[in-house]
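These notes are about the structure you will find just below.
The values are calculated or read from the model by the stated rules, or taken from the named source; none is laboratory data. Fair warning: this is a prediction, and the values are worked out from it, not measured in the lab. Please note: Cβ atoms are built from the backbone with ideal geometry, for glycine as well, and neighbour counts cover all protein chains shown. Heads up: the accessible areas ignore ligands, DNA and RNA and are worked out on the full protein's heavy atoms, side chains in. Shrake-Rupley method; radii C 1.70, N 1.55, O 1.52, S 1.80 Å.
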Amino acid sequence: VQLQASGGGLVQAGESLRLSCAAPGSPFAINTMAWYRQAPGKQLELVATVSNIGNTNYADSVQGRFTISRDNAKNTVYLQMNSLKTEDTAVYYCNAHMFSERDYWGQGTLVTVSS
């Protein structure tokens, strides 16, 4: 199962982007959906998560700037990124953690923030 992520691009610091990620199959099979990112030369970092009932969690580095949301009818998770900083530059990956404990990943979408 391949998740389809989109919405990355090149923006200037202070601007906004919205990432989307659609998952195939039944929304009832998905427990938590999340966004991760990997900056050049760095490890994979958890950015935000949203549970099947809408509970959210954020990394300290994005708290107050990023908003994760989920449309269960569309089996889609979004990441609204505001006030982007150069340090937000990374490849962003979406993840679906199933109730079966399996994990599925998107192909990654590049976000580049210039100063």
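Couplings for segment 52-69, taken from phi via the Karplus curve 6.51 cos²θ - 1.76 cosθ + 1.60 with θ = phi - 60°, read 5, 10, x, 6, 10, 9, 9, 5, 4, 5, 10, 3, x, 10, 9, 10, 9, 9 Hz in order; Gly and Pro are left as x.
With every protein chain present, what is the per residue accessible area of segment 27-77 (1.4 Å probe, Å²)?
Per-residue value: 55 Å².
Using θ = phi - 60° in the Karplus curve 6.51 cos²θ - 1.76 cosθ + 1.60, the 3J(HN,Hα) couplings for segment 88-98 round to 7, 4, 4, 8, 9, 10, 9, 9, 10, 9, 7 Hz; x is entered for Gly and Pro. As a fraction of the 1.4 Å probe accessible area of the chain, surface on carbon and sulfur atoms comes out at 49 percent.
Remark: the chain is approximated by an ellipsoid whose semi-axes, taken from the C-alpha gyration tensor as √(5λ), come to 24, 14, 12 Å, largest first. Between residue 114 and residue 73, what's the calculated FRET efficiency when r is the beta-carbon distance and R0 is 41 Å? Round to 0.05. Efficiency for this residue pair is about 0.70. Charge dipole of the chain (Cα centre as origin; +1 on each Lys and Arg Cβ, -1 on each Asp and Glu Cβ, all else neutral): 140 debye, rounded to the nearest 20. Think of the chain as a dipole: +1 on every Lys or Arg Cβ, -1 on every Asp or Glu Cβ, centred on the Cα centre; then among 26, 112, 43, 26 lies furthest on the positive end. Across segment 1-50, C-alpha contacts under 8 Å between residues 6 or more apart give a mean separation that, scaled by the residue count, equals a relative contact order of 27 percent.
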